[in-house]
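Here's the structure we're looking at; comments come further down.
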Amino acid sequence: MPEVITDGIENPSLDRSRHDISFVPRGVWWIVALAFLLRFGWVIWFHTYRFSQPDHFDFGQEIGCIARSIVLGHGFGSPFPEWSGPTAWIAPLYPFLTAVVFKVFGLYSTVSALLLLGLNCAFSALTCWPIFLLGREVANRRVALVSAALWAIMPPFMTWAVNWVWDAALTTLVMTWIVWLAFRLGRRITLRAWLGFGLLWGIAALLNPSVLSFLPFSIAYIAWQTRSRGERWLTPAMLCCAVVLLTITPWLVRNYFAFGKFVFIRGNFWAEMRFGNSIYGDGTWLAYTHPEVNPYERQKYLRLGEQGYFDSKKRDVQEFIHQYPRFFGELCFRRVLLYWWDFGDITEAAPDVLLAMARRAFSTLALVGLFFAVWRRRPSWFLIASLLLIFPLPYYLTYPYGRYRHVIEPLLLICAVYAVAQVREFQRLFVTD
């Protein structure tokens, strides 16, 4: 029987394993194993587990300092080396994970560094699994396998796991699962699945609340698909949202008692706005405005207290926008270009130029893949478009950074591979033997 070709590669309807969560080819697990070996090998070979600053601040930065405070009995606080009281600078889950490791294996010890970076390597490697499942939803099995393999072997997708004691790898894994589950639950969902989806979203919010911008779109997609089948959707969707709220409420209560007012999971938005907006700004992170770098800013943070410091940054940002609205708009536009195409000032060294060109090509391919998904009316197009368009919005206002885009890079990678598959399909229309 001749091969049936449609939508880029083989006919999705012929792939009987396409919607079967229990079927994952053995090759995917080999890809996961390879991904972990490459990442942890990087940690060992390049000694990224060795942190050198005398105050250990390079060991997890604010997260490491908060974990130290927890281990030493001062509670969730002090995001910098000096003791400064309770904090809402960072979301709670990853600092608590770091604190557990510190408690068991030693504060700032080499074993703790190896274990935390090893966990990050495992989180990043395991992301190959939902990438494969998501690739089958967006396109087909071949695109899924290629996407998972590229995630495993490409160094740019490894760097945040192997160099940083941070939540980037874990948040990326959780969010990739959430996107795939939204696809999956859109076809069939029970009340228990609604509640489980809400719990997973609550966990994601406590890891990194910036991902919550995608929450209404994921719930809306599942509700719409459920409604189109004539099934109940309003009450289960409301219960799902209630579970999200119940999951994060204990931390909101903690923040209220710690600061005497309502503070969301993280309270440093206005500080982040200030770190990217100034009359001397260029759209990037202005390191000299951050307490991590600037001793004057550090002393100001300690003197005013965290909430006082955040209030001062809010006033600074509002004054800047009021005085320079046009320049603020120009900075936001520049940040859009920086986020997607890295059109920042780079050195003339060949490796930097080549790396910037590769990033631009990758982003362009991903957006082309998004266009094809929308044009061909793939079932996944709404979720893909909403995540890629909505998630970056806060970083257009503050500043772009590679770690901030890592959360959506699995989907960008799938879209890029899908774009290449579509270009090859179009070539077949014009090439004859």
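Where a number appears in this text, it was derived from the coordinates with a stated rule and is not lab data. Quick caveat, the model's predicted, so the values are computed rather than measured. Please note: Cβ atoms are built from the backbone with ideal geometry, for glycine as well, and neighbour counts cover all protein chains shown.
P(r) for the range 110-210, please, calculated from all Cα pair distances in 5 Å bins and given in %.
2, 13, 19, 20, 19, 15, 8, 3, 1, 0
Using only the alpha-carbon atoms, how far is helix 93-105 inclined from the longest principal axis of the chain? Give it as 0 to 90 degrees, nearest 10.
Result, in degrees: 70.
Counting Lys and Arg as +1 and Asp and Glu as -1, each charge on the Cβ, what is the dipole of the chain about the Cα centre in debye, to the nearest 20?
The calculation lands at about 1220 debye.
What ranking do M175, M238, M158 get, fewest neighbouring Cβ atoms within 10 angstrom at the top?
M238, M158, M175
What's the center-to-center distance, using Cα atoms, between the range 403-424 and the range 42-89 in Å?
That distance is 33 Å.
In straight Cα distance, which lysines are under 17 Å from K103, not counting same-chain residues fewer than 8 positions off?
Qualifying lysines at Cα under 17 Å: none.
Under the Kirkwood approximation for Rh and a Cα-based Rg, what ratio Rg/Rh is obtained for the range 230-348? Please report the intermediate quantities before stating the final value.
On the way: Rg = 19.3 Å, Rh = 17.3 Å.
On the Cα set of the range 230-348, Rg over Rh gives 1.12.
Let me have the relative contact order for the range 26-430, percent, based on Cα pairs under 8 Å that are six or more residues apart.
Numbers: 547 pairs, mean separation 68.0, N = 405.
Reported relative contact order: 17 percent.
Determine one quarter of the surface area of the Cα convex hull of the chain, which equals its mean projected area, and express it in nm² to one decimal.
Numbers: hull surface 98.5 nm².
Mean projected area for the chain: 24.6 nm², to one decimal.
Can you list the lysines whose alpha carbon sits under 17 Å from that of K261, skipping same-chain ones fewer than 8 residues off?
Output for K261: K314.
Applying 1/(1 + (r/R0)^6) with R0 = 22 Å to the Cβ-Cβ distance of F371 and L393, what FRET efficiency is obtained, to the nearest 0.05?
It comes out at approximately 0.65.
Label-point separation (nm) for V253 and H322, each offset 7 Å from Cα along Cα-to-Cβ?
Reported label-point gap for V253 and H322 is 3.9 nm.
When a footprinting reagent is the concern and you count Cβ atoms within 10 Å, what order do F51, F40, F46, F132 take, fewest first?
Least crowded to most crowded, the residues run F46, F51, F40, F132.
Any chance you could check the Cα centroid distance between the range 177-232 and the range 310-333 for me, in angstrom?
Between the Cα centre of the range 177-232 and that of the range 310-333, the gap is 35 Å.
Could you tell me which residue out of F217, I414, N255 lies farthest along the dipole of the chain toward its positive end? Charges go on the beta carbon: Lys and Arg +1, Asp and Glu -1, centred on the Cα centre.
F217
Cross-link partners among lysines for K313, C-alpha distance below 17 Å, same-chain residues fewer than 8 apart left out?
Qualifying lysines at Cα under 17 Å: K300.
Show that you can apply the helix-only estimate: for the chain, add -39,500 (n - 2.57) for every DSSP H stretch of four or more residues, divide by all residues, and state [θ] at 222 nm to the nearest 500.
That comes out to -22000 deg cm²/dmol.
Determine, for S386, S84, the number of other Cβ atoms within 10 Å of each Cβ, and report the residues in order from fewest to most. Before the final figure, lay out the partial values.
Values: S386 18, S84 22.
Ordered from fewest to most neighbouring Cβ atoms within 10 Å, S386, S84 come out as S386, S84.
Relative to the present Cα-Cα distance, how much length would full extension add between R227 and T364 at 0.36 nm per residue of separation?
Going from the current span to full extension adds 45.8 nm.
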